[in-house]
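The structure appears right after this line, and notes come after that.
Just so it is clear, none of the values below were taken in a lab; they were calculated from the coordinates. In this text the structure is predicted, and so the values were computed from the model without any measurement. Quick reminder, even Gly has a Cβ in these numbers, built from the backbone with ideal geometry, and neighbours come from all protein chains shown.
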6 protein chains.
Amino acid sequence: MTGPIVVINPNSNQAVTDGLSRALEPFRLGGGPAIDCVTLAEGPFGIESQVQSDEVVLPLVALVRRRDDASAFVIACYSDPGIDACRSVAPVPVFGIQESGVLAALARADRIGIVGISSLSERRHRLYMRRMGVLGRVAGERALNMSVDETARGAGTFARLGEVGRALMGDGAEALVLGCAGMAVHRAPLEEALGIPVIDPTQAAVAQALGAVLARRM
Amino acid sequence: MTGPIVVINPNSNQAVTDGLSRALEPFRLGGGPAIDCVTLAEGPFGIESQVQSDEVVLPLVALVRRRDDASAFVIACYSDPGIDACRSVAPVPVFGIQESGVLAALARADRIGIVGISSLSERRHRLYMRRMGVLGRVAGERALNMSVDETARGAGTFARLGEVGRALMGDGAEALVLGCAGMAVHRAPLEEALGIPVIDPTQAAVAQALGAVLARRM
Amino acid sequence: MTGPIVVINPNSNQAVTDGLSRALEPFRLGGGPAIDCVTLAEGPFGIESQVQSDEVVLPLVALVRRRDDASAFVIACYSDPGIDACRSVAPVPVFGIQESGVLAALARADRIGIVGISSLSERRHRLYMRRMGVLGRVAGERALNMSVDETARGAGTFARLGEVGRALMGDGAEALVLGCAGMAVHRAPLEEALGIPVIDPTQAAVAQALGAVLARRM
Amino acid sequence: MTGPIVVINPNSNQAVTDGLSRALEPFRLGGGPAIDCVTLAEGPFGIESQVQSDEVVLPLVALVRRRDDASAFVIACYSDPGIDACRSVAPVPVFGIQESGVLAALARADRIGIVGISSLSERRHRLYMRRMGVLGRVAGERALNMSVDETARGAGTFARLGEVGRALMGDGAEALVLGCAGMAVHRAPLEEALGIPVIDPTQAAVAQALGAVLARRM
Amino acid sequence: MTGPIVVINPNSNQAVTDGLSRALEPFRLGGGPAIDCVTLAEGPFGIESQVQSDEVVLPLVALVRRRDDASAFVIACYSDPGIDACRSVAPVPVFGIQESGVLAALARADRIGIVGISSLSERRHRLYMRRMGVLGRVAGERALNMSVDETARGAGTFARLGEVGRALMGDGAEALVLGCAGMAVHRAPLEEALGIPVIDPTQAAVAQALGAVLARRM
Amino acid sequence: MTGPIVVINPNSNQAVTDGLSRALEPFRLGGGPAIDCVTLAEGPFGIESQVQSDEVVLPLVALVRRRDDASAFVIACYSDPGIDACRSVAPVPVFGIQESGVLAALARADRIGIVGISSLSERRHRLYMRRMGVLGRVAGERALNMSVDETARGAGTFARLGEVGRALMGDGAEALVLGCAGMAVHRAPLEEALGIPVIDPTQAAVAQALGAVLARRM
């Protein structure tokens, strides 16, 4: 029997984990692997700074080691914290949502745009995409400049997403990646409003995990 | 209701289509979209040359236009023939197995290797990967130099896959893409033998199609 | 005796072919190869979409096979349709005007700009230039957004060329490529008006064909 | 009336200039521009080191300023000495044979190889091709490691060219550039022997100059 | 008064710190800043794995916060652990020895080679250099495949350095970076033996720190 | 005993040399090498054009040959004139201030901006940085468009530096390089005003020279 795909929310905000789980409901299919969304108890309430991102690495490694029933892991924070460390200890594939979101978008368009939460993360994302060797296909990143909390809640979020999305289209983006784990609820309406593919990175990572897990069944 | 993912075998060899369908069996899940594998009647019996690859473009476009029930398309020939044309007419996502196979491998390793069928295709693949902007992560391509038919049948295929795979590992590859639509049956044993991820590109494309289709359900 | 350089207009508009022939008149020199401009009878009246571009590939291959007297071929549509297929069957060099135009411009300036006809082609050209590995030297592409027909005829064309050319200079372009087979008549006046090199891609391709053909005489 | 294309041999060896002139004989066509091959009197007898290459810059600039009848210039030394300075003072196009040779090869094959004279120049050529932004298409450079004089004269030159050319094909080269002004005589036989395009860079530069000059006649 | 340059050895092996301090003795000049070499008490005895590298990040951040007298920091482990986090909290420049070593080598040669300790780190270094955008100038990395301890002590180290260095020269390296904090003692003899520049990365980082600190005095 | 670091001002304006010497005063430390600033008598009064830059190459080579007491050379003109030639004859390291300034900035920020004197040099700098392979990390270059003389003297220089620096920050620059040998006096105030690192390239080159020279003492 195939073990679950374990999706880890590295912050300790259970509401975020619950939102992830709802966004992944369509990926729970008859006969397919379970999709377990878990909260990293040791994580900060939100991950916004570099130091917070580094704080979760060792707890993530410990969790990955503990969950030896998993068939794959997804680290559901857009900084992909601990991706190298978790990969070095996991016997199964580990997906980071930034990497997966970007790769999924590259299958849908030539030049992509990143909708960030805060412009403070732009540099971190850029370094990561350059490390991936795909920066030549990135039209740009623009930030909502709202807090994670606001984006989760605020009524103005969708309007702001539209604004930022259109600005990225002006920069040349032909598909967008939502640069945050908690905005899946806006994916479809934004895609509808803008007329170009919009990728939720957690869904993208889970689809890739599903692909890896199901391929092993043949 | 979600329409089927339509996987098109652009050559007219039904045995290849049947093989694809078997390789995709694990991706047919309860509540998920159907996965329809269809043969392009107008295609040549096998696609090996550039001209054969170009011959199928218009028939593919016609098929894509006809199948307006599809929720996504997969073009299951490693040259990704007609990918631009099909995308320009399809109202739903179109995936090429070369592009999808390469992107899936990039989520599993830093440098990847391509196991080609014939060294005659190496240049075509290289140009396509440079167009994708990911050539910097390709350790190399090496060919089995067997006919598609031989690879489908021949007892020596697996041994040759091992040889070529190990040579690519020597070139620096940390994951492999099978550069052909019809070798899924060898994926798992080769992965086992080599100890690094091996990607079947049709499975990879279907996983990405599944991701796009399921995301629309939320 | 050296055979003719065969310049193929892949659309079926004879007026375009006649214009090409006039633009190439200066390249018909005493003792040099003939320059035959031919119309692809099977082509659409104009090539604007991806599908139209793909429609001409097999007829081009057939024509190339038929014209075994040619010393070189030039495919005179800026999408370079069928370039790979024609090269795979021709025993003599085949030049595409996009590739040749871009390479000619790179010998005249560091960063180049492309004057497109329609912004719908921008993505196609970008993918082709990335495939060529030269995108790092492209300052940008901007489109006239006039129909091929209008550009061939309209009085406003030159004014619009000036506008678009100056905008590309603002983007950093130090030489321009006219991204269309039928604008040679504007080349010299535009170069004069802007003060930077302007390349007609058909002339560029024929010059390169001439170079290849003449080199064989020594 | 169109002025001559002035081809400058930056070394003071008249025999080299005479060889250049013979190699360019096929480019002298009825009604076309004259092709004047001139020797830089102030140049060293041969240019092999970086300092020798720098020594000819100011004399080249002076010559370019003097020859105000030229319709284009070609600097016929594979280091392209003084190319930036000459371009900054010439009112007409200036072509360097390294740049032109490389660009001509890129129109004939995807990956190219450079046949150098001495491995001491490999670094200089690499820096120049990286500056051009085309290093991603260079399979490699390999040197004859014979003196310019030997290559001009020696019976073993052709055999050595074949050896080096085949080694470059092993590196992935699909076309070759002769990395020296004086080997045109070997171009056709080498192309014949290896079965891939071989470019003489001076012929390539003159073809490009011809293209620029003739285009102005329309 | 200028505060000290604080060089942090992120492992808890005091002998390594002492060796660093000796290697930096020439950089302690009259009137210049002090160079304080400190041991990270919380670090593992050696840093070889990805997880060990991640373990030191938060202790490094704490140390950087504590040492508010520093005029600059150097993180003296070739993985540059915690470089992003330390930079995000330090009010003064922070240098990582990998980054500094590579940049110093780029000022001495066109293509560089990395002498690693273990081939297990090759991928980590490659990702870091791609993130830096300089991978195009890296001829390769080859490992001694000795433990850090062995390299610090073993008589065979120098011989092995010579072997690996020569192999890298065969790959095209024109300067070498010692990919480890503790091999400064071999720098000069290896440079002498191989005839190309050899960079000790800690010395390189301290020189850059010195540059930053002294520039502020004017 | 270690010889002096010889810093060559390639123009013949002694006031510039004197300014360099003052800017380097902090780098003259007890027990460290002397830092000799010398004027190239044969140089033009200022180097602004490509030809002027080429004019100083041979005199620089002669000076480098003459000063056999030097432990390292710095060529203190932002075009790095003669860098290849001087390196080919010097038995000790030669640093160019453009190369050194850019590399120093890359150790301080991800994307850098260049403050040029005149927009006429932008192309020359771009070609040089592309040759270095680091153009992907350059956010842009913007020029003061004042003469060297004005910048050395004029009261408006600092205000203009601020304007240009802020515009580069808008382009994405996170550190700046002063693209001229004579603006060290503005470095600290500009860094203070803008809040990002500002690099004086001559100080950067001398720091790197110091690093190379001091490393040899161990």
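Structure data summary
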quantity	calculated
Distance histogram for segment A:52-163 (every C-alpha pair counted, 5 angstrom bins, percent rounded to whole numbers)	2, 10, 19, 20, 18, 15, 11, 4, 1
For segment A:98-200, radius of gyration divided by Kirkwood radius, i.e. Rg to Rh on alpha-carbons	0.93
10 Å Cβ neighbours from other chains, averaged over peptide D:180-192	1
Cα lying deepest toward the dipole's positive end in segment D:1-113, options D:27, D:89, D:112, charges on Cβ	D:27
Copy-to-copy label separations for residue B:188, where each label sits 7 Å from Cα toward Cβ, in nm and ascending	3.4, 6.2, 6.2, 7.0, 7.2
Closest Cβ on chain A to the rotation axis that carries it onto B (distance rounded to whole Å)	A:30, 1
Proxy reagent accessibility, fewest Cβ within 10 Å first, across A:95, C:158	C:158, A:95
Residue-averaged beta-carbon neighbours from other chains (10 angstrom radius) around F:131-142	5
Cα centroid separation - segment A:75-143 against segment D:19-44, whole Å	56 Å
Distances in nm from residue A:41 to the matching label points in the other copies, shortest first (labels 7 Å along Cα to Cβ)	2.9, 6.3, 8.1, 8.1, 9.2
Computed E for residue C:66/residue B:188 - FRET, C-beta separation, R0 51 angstrom, nearest 0.05	0.55
Chain B, dipole about Cα centre (Lys/Arg Cβ +1, Asp/Glu Cβ -1), debye to the nearest 20	460 debye
For residue A:15, label point 7 Å along C-beta direction: distances to other copies, nm	5.5, 6.1, 6.6, 6.6, 8.8
Peptide ranges F:4-11, D:202-209 listed from the most packed, as the mean C-beta count within 10 angstrom indicates	D:202-209, F:4-11
For residues of C:22-33, the mean tally of beta carbons on other chains within 10 Å	5
Relative contact order, percent, chain F [alpha-carbon distance under 8 Å, six or more residues apart]	23 percent
Net charge dipole size for segment E:64-180 [Lys, Arg +1 and Asp, Glu -1 on Cβ; Debye, nearest 20]	180 debye
At 0.692 mPa s and 37 °C, Stokes diffusion of chain A via Kirkwood alpha-carbon radius, µm² per second	191 µm²/s
For q = 0.05, 0.06, 0.07 Å⁻¹, Debye-computed log10 I/I(0) when each Cα of the protein assembly as shown counts as one equal scatterer	-0.36, -0.53, -0.74
Within segment B:5-84: Cβ-based charge dipole about Cα centre, in debye rounded to nearest 20 (Lys, Arg +1; Asp, Glu -1)	260 debye
Local net charge near residue F:214, Cβ-Cβ under 15 Å (Lys/Arg +1, Asp/Glu -1)	+4
